[in-house]
1. Of all residues in region 7-38, which are among the aliphatic types (A, V, I, L, M) and outside any helix (DSSP H, G or I)?
2. Tell me which of these Ser30 doesn't satisfy, since it passes every other one: (1) within 10 Å of the chain's Cα centre (by Cα); (2) open to solvent by less than 100 Å² (accessible area, probe 1.4 Å).
3. Which of the residues belonging to region 12-21 are surrounded by 10 or more Cβ atoms within 10 Å (Cβ to Cβ) and either of a type outside the set (Gly, Ala, Ser) or in contact (Cβ under 8 Å) with a residue 60 or more places away in the chain (or both)?
Amino acid sequence: MRRHSAYPYWFLIPGGAIFVVLFIVPTVASFYFSLTYWDP
């Protein structure tokens, strides 16, 4: 059997990091702020 290298997965890290920073973090932050009461 041929063993697959982990090398191609290194190309997913930059895209995954951008996805987390631009989508997941703001989504979680807005969900958190929607559950808190504060006056601007």
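The values are calculated or read from the model by the stated rules, or taken from the named source; none is laboratory data. A quick note: this is a predicted structure, and the numbers were derived from the prediction, not measured. All Cβ positions, glycine included, derive from the backbone under ideal geometry; neighbour counts span all protein chains shown. With ligands, DNA and RNA removed, areas are computed over all heavy atoms of the protein, side chains included. Shrake-Rupley method; radii C 1.70, N 1.55, O 1.52, S 1.80 Å.
1. Leu35
2. It is condition (1) that Ser30 fails.
3. Leu12, Ile18, Phe19, Val20, Val21
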